Amino acid sequence: MIKIIVVEDQAMVLGALRALVNLEPDMQVVATATNGQDALDWCQSGDVDVVISDIEMPKMNGLELAQKLKDSQHPAKVIVLTTFSRGGYVRQALEANVGAYLLKDAPSTELAKSIRLVITGDTVVDPKLLQDAWRCGENPLSEKEQKILTLALEGKSTSEIARYISLSPGTIRNYIHNSCQILNAKNRIEAARLAQDFGWL
């Protein structure tokens with residue numbers, strides 16, 4: 001029996017995924033979680049073979065969860081389900097050793113098939129997502145620039161960002177200016193949204 005945890009912050013989607021997986025004779029959902037941190041805690045204490053996770057969730061997103069499991073050498077395979085076709089996300093997922101990366105609107109039979117494939121060590125990525133990853137290229141933003149743009153997207157001012165990451169407002173403005181040049185954006189909000197659309201934040 002393949003033991004599975006489903007991680008999804010939308011209750012209706014979580015319930016549907018759990019029901020779909022439990023229909024399979026060789027699979028059982030042993031736990032559910034609504035954020036990556038709770039899922040990570042459960043994985044560290046429970047017996048699980050596969051983690052099916054959304055990407056955008058509170059506390060810890062699905063890609064961060066996959067990276068944490070990889071860093072701790074946890075044996076569970078991770079399947080990411082997303083509504084977002086963002087090339088940068090695919091690259092992050094593959095770097096985190098995600099076993100499968102699928103769009104949520106894929107046929108339900110694809111999920112069961114992918115679970116069985118990743119258990120045997122295969123990697124499954126939706127072809128459209130691979131094309132998007134190839135087109136968007138590697139993330140050109142530094143870790144610091146990504147953090148600053150993420151905070152800008154949350155509506156924080158330059159002064160608030162400076163306090164948050166212990167840099168001067170002038171240094172923050174320099175990072176923002178550089179990010180805008182890289183992304184050919186008019187201002188930090190446009191730069192942050194472009195970076196998010198590419199899956200670079």
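Annotations for the structure displayed:
- From the options M57, M1, residue that is out of contact with any helix residue (DSSP H, G or I) (no Cβ under 8 Å at 6 or more places or on another chain) and either loosely packed, with under 14 Cβ neighbours inside 10 Å or assigned by TED's automatic domain parsing to the domain that holds I119 (or both): M1
- Candidate set from segment 35-57 (those that are outside any helix (DSSP H, G or I) and under 20 Å from W200 (Cα atoms)); member that is modelled with the lowest pLDDT: E56
- Residue in segment 157-180 that is within 24 Å of the chain's Cα centre (by Cα) and of a type in the set (K, R) present: no
- Segment 162-185 residues that are farther than 16 Å from L141 by Cα, paired with ones that are hydroxyl-bearing (S, T, Y) (beta carbon under 7 Å, 6 or more apart): A162/S168; P169/T158; P169/S159
Yes/no per residue for (1) acidic (D, E); (2) closer than 24 Å to N61 by Cα; (3) in a helix (DSSP H, G or I):
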residue: K156; (1), (2), (3): no, yes, no
residue: S166; (1), (2), (3): no, no, no
residue: T171; (1), (2), (3): no, no, yes
residue: H177; (1), (2), (3): no, no, yes
residue: Q196; (1), (2), (3): no, yes, yes
residue: L201; (1), (2), (3): no, yes, no
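The values are calculated or read from the model by the stated rules, or taken from the named source; none is laboratory data. Small disclaimer: the values here were computed from a predicted structure and weren't measured. Positions of Cβ are generated from backbone atoms using ideal geometry, with glycine treated the same way; all protein chains shown enter the neighbour counts.
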